[in-house]
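Working notes for the structure below.
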Amino acid sequence: MTSYRSAFQGREQIAHGTVAFHFEKPFDFGFKPGQAIDVVLADARTVDVQSGRHTFSIVSAPFESELTIATRMRDSTFKRALARLPVGSLIEIEGPFGSLTLHNDPARAAVLVAGGIGITPFMSILRQATHDQRKQRLVLLYSNRRPEDTAFLSELQSFEERNLNFRLIATMTLMSASVQPWEGQTGMVSEALLKAAAEGLSNPIYYVAGPPGLDAGMRQTLHDSGVDDDDIRSEEFYGY
């Protein structure tokens, strides 16, 4: 696997408990939207070798000049080190890898199903598709507990205005604990919601990314809805 040197450029909170990290994009680094990288913290004084590596889906799109990842800030050795990494610090990037990328036939629509931080590979896909004005129907079904937990929500809403081929269906599962208003869908991703997402689409392909258990649950729900297994794509999600 190819290794690159990069510099840390900054961080920003993008939802409750979720932070985006920005890195310099090596001049010869190329990737496909939906792929992932290993981030290796090179300073042995900061973190031990075993805990100094973590895999993340790439949030940024290939047309952008930086590399961005996003993650829930859980209490791990790596994430504690990442949280206090000084701007300008050198890190290593290995990759890219992963196959959760859009199919080649733009005549077939894509329904993207994301749970929580599983949105990250789809952000790269949707940013690139909107930038390119890709002539392909794309629907994102995005589940979170509350609006304040929903990473990139305002950007995704803006995509609907900028990309006539994109539709967002966001649903919240714990509005009783929210302090923000929400007028959209509520409840878990159901067979009915999946059918609503696919309404008007001819022979779509489904992509699934999210917390452990989401893949199996969505595959079963899609199977119960009559979707062929060959039209459901997922892989081990990178980003926790």
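Restricting to region 91-126, name every residue that is closer than 20 Å to Leu194 by Cα, over 15 Å from the mean Cα position of the chain (by Cα) and of a type outside the set (Gly, Ala, Ser).
His103, Arg108, listed by residue number.
Answer with yes or no whether Thr130 is free of Cβ contacts under 8 Å to residues at least 60 places away in the same chain and either within 20 Å of Ala15 (Cα to Cα) or in contact with a strand residue (DSSP E or B) (Cβ under 9 Å, 6 or more places away or on another chain) (or both). Break it down into steps so the answer makes sense when it comes.
Working: free of Cβ contacts under 8 Å to residues at least 60 places away in the same chain: yes; either within 20 Å of Ala15 (Cα to Cα) or in contact with a strand residue (DSSP E or B) (Cβ under 9 Å, 6 or more places away or on another chain) (or both): yes.
So Thr130 fits the description; yes.
Given the conditions (1) without any contact (Cβ under 8 Å) to a residue 40 or more places away in the chain; (2) not in a loop (DSSP other than H, G, I, E, B), report the number of the one that Glu199 does not fulfil.
It fails just one condition, (2).
Kindly evaluate Ile119 against the criterion of being within 19 Å of Lys32 (Cα to Cα) and in the same structural domain as Ala36 (by TED's automatic domain parsing).
no
From the set of residues in region 45-76 that are of a type in the set (D, E, K, R) and either assigned to a loop (DSSP other than H, G, I, E, B) or surrounded by 14 or more Cβ atoms within 10 Å (Cβ to Cβ) (or both), which is modelled with the highest pLDDT?
Restricting to residues being of a type in the set (D, E, K, R) and either assigned to a loop (DSSP other than H, G, I, E, B) or surrounded by 14 or more Cβ atoms within 10 Å (Cβ to Cβ) (or both), the top hit is Glu64.
For a quick check of your reading of the model, give me the residue pairs whose first member lies in region 210-229 and is in the same structural domain as Asp149 (by TED's automatic domain parsing), whose second is of a type in the set (Lys, Arg), with beta-carbon atoms closer than 8 Å and at least 6 apart or on different chains.
Taking only residues 6 or more apart or on different chains, the pairs are Ser225/Lys195; Asp229/Arg219.
The values are calculated or read from the model by the stated rules, or taken from the named source; none is laboratory data. The model shown is predicted, which means the values in this text are computed figures rather than measured ones. Please note: Cβ atoms are built from the backbone with ideal geometry, for glycine as well, and neighbour counts cover all protein chains shown.
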